[in-house]
Amino acid sequence: MSTDVNHAAKAFKSYFGITPLLAARAPGRVNIIGEHTDYNDGFVLPMAIEHDTVIVGRPRTDKLLRMRAENLDLNAEARLDARVRNADQPWTDYLVGVADELFKLDKPVAGADLLVMGDVPVGCGLSSSAALEMAALVFFEQAGAFKLEDAEAARLGQRVENNFLGLSTGIMDQFISRCGRENHALFLDCRSYDFERVPVAFDDALFVIANTACPRGLTASKYNERVRECGQAVDVLKSMLGKGGAKLRDYELADLLDVQEYLEDVPFRRARHVITENARTLEAREAMRAGDAESLGALMNASDESLRIDYEVTSRELDVLAGIARELPGCFGARMTGAGFGGCTVNLVRRDRTASFCDELLRRYASETGITGEVYISAPAAGAGSVALQSAS
Ligand code: GLA
């Protein structure tokens, strides 16, 4: 756990004047490979990271949510009987959105005083929003004395994004935030929700996350556009091949090439990315199982190229950062991670080269872009859960 829950409890007491009774946490994630595949019912291979969001709080007897975001130094209130978005304080939407979906499931959701604190970098492709949703869910589960099954918990978080926030995102971020395990990545089939925890056990390599420090622009509209373009490709595949497949997951590259002449260039390339990325993710699982950093790195590089050329979700800064990484000694592979359009890269780096890799990466990135980037080194972390508070003082 990276955020100090007792620090959060103190901050809660100093703001609300009472001691918190409950605490929950959930991690951010980095996706190793399997990008923009989840909403196509495909495969993903993320791991939870040692950056998390903590919520401490105290249930109330009424329907009021009094919320404080300690990092932002912001406070807000929401009525649980109204459950509307707050354009001025969008961070509250994740909390109210989780409550809203719980109401739809007829779960007991009472009001609460709660404080949010964390260290998941925001807006960088490391899923700070999923961490907030999953921490909120654990908080409400504790307060209401119920527990959702893990896949249902992740789907609830996805519905918050889809219904409350209007983003057509898939299930990856919430799933890994809920189900992560220390020292393991998670291979997930986003159709069946079958998953396998794959040990991250390279003798000589580790993951380095590098942040372009560039805020993601217009992500929501471009993301939803990609979802639609995948749908267009499926429509053509379905009607031309006469197969029933409802998602790109159901098609092979040969199917796509068979219908290429009936597809516009853009949906063709989007589909080619998704179909080949699913294949790479299955291969990456094998490489991880075998502790084969060379093979995994090569797959990460190929994924990045496909995201840059076919899916067009990288940015100049992401391309510069990944390009420099690949030229540095000890780098097995580098790729953008998350939705894209800015944010972070993930790099697989030889352990004994890590320090020089990080220094040189940041130095050359700054000299080429004028921007000061950041690096984070994280072992795979545990998923969401409750946290014990020190006895009230
Ligand atoms: C965002 C979404 C995920 C996934 C990734 C891209 O993180 O929330 O569902 O689609 O983008 O792989």
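The values are calculated or read from the model by the stated rules, or taken from the named source; none is laboratory data. All values derive from a computational prediction rather than experimental measurement. Every residue, glycine as well, gets a Cβ built from its backbone with ideal geometry; the counts of neighbours run over all protein chains shown. Heavy atoms of the whole protein, side chains included, go into the accessibility calculation; ligands, DNA and RNA do not. Shrake-Rupley method; radii C 1.70, N 1.55, O 1.52, S 1.80 Å.
Go through the residues of segment 106-122 one by one and say whether even a single one is in the same structural domain as residue 18 (by TED's automatic domain parsing) and within 16 Å of residue 46 (Cα to Cα).
Taking every residue of segment 106-122 in turn, at least one turns out to be in the same structural domain as residue 18 (by TED's automatic domain parsing) and within 16 Å of residue 46 (Cα to Cα).
Answer yes or no: is there a residue in segment 187-196 that is away from the ligand (no atom under 15 Å from the Cβ) and either touching a residue at least 40 places away in the same chain (Cβ under 8 Å) or touching a Lys or Arg at 6+ places or on another chain (Cβ under 9 Å) (or both).
Checked segment 187-196: at least one residue is away from the ligand (no atom under 15 Å from the Cβ) and either touching a residue at least 40 places away in the same chain (Cβ under 8 Å) or touching a Lys or Arg at 6+ places or on another chain (Cβ under 9 Å) (or both).
I'm trying to understand the selection: among the residues of segment 119-143, which are open to solvent by less than 20 Å² (accessible area, probe 1.4 Å) and not hydrophobic (A, V, I, L, M, F, W, C)?
125, 127, 133, 141
Given (1) in a helix (DSSP H, G or I); (2) more than 16 Å from the ligand (Cβ to nearest atom); (3) crowded, with 24+ Cβ neighbours inside 10 Å, where does residue 92 come up short, assuming only one miss?
(3)
Regarding residue 322, is this residue surrounded by fewer than 19 Cβ atoms within 10 Å (Cβ to Cβ), in the same structural domain as residue 220 (by TED's automatic domain parsing), among the hydrophobic types (A, V, I, L, M, F, W, C) and in a helix (DSSP H, G or I)?
Answer is no for this residue.
Tell me, which residue of segment 37-66 that is open to solvent by less than 10 Å² (accessible area, probe 1.4 Å) and within 10 Å of the ligand (Cβ to nearest atom) is nearest to residue 386 (Cα to Cα)?
46
Kindly provide the set of residues from segment 23-74 that are charged (D, E, K, R) and more than 30 Å from residue 322 (Cβ to Cβ), ordered by number.
25, 58, 60, 62, 63, 66, 68, 70, 73
With open to solvent by 10 Å² or more (accessible area, probe 1.4 Å), modelled with pLDDT under 95 and in contact with a strand residue (DSSP E or B) (Cβ under 9 Å, 6 or more places away or on another chain) as the only criterion, which of 204, 189 stands out?
204
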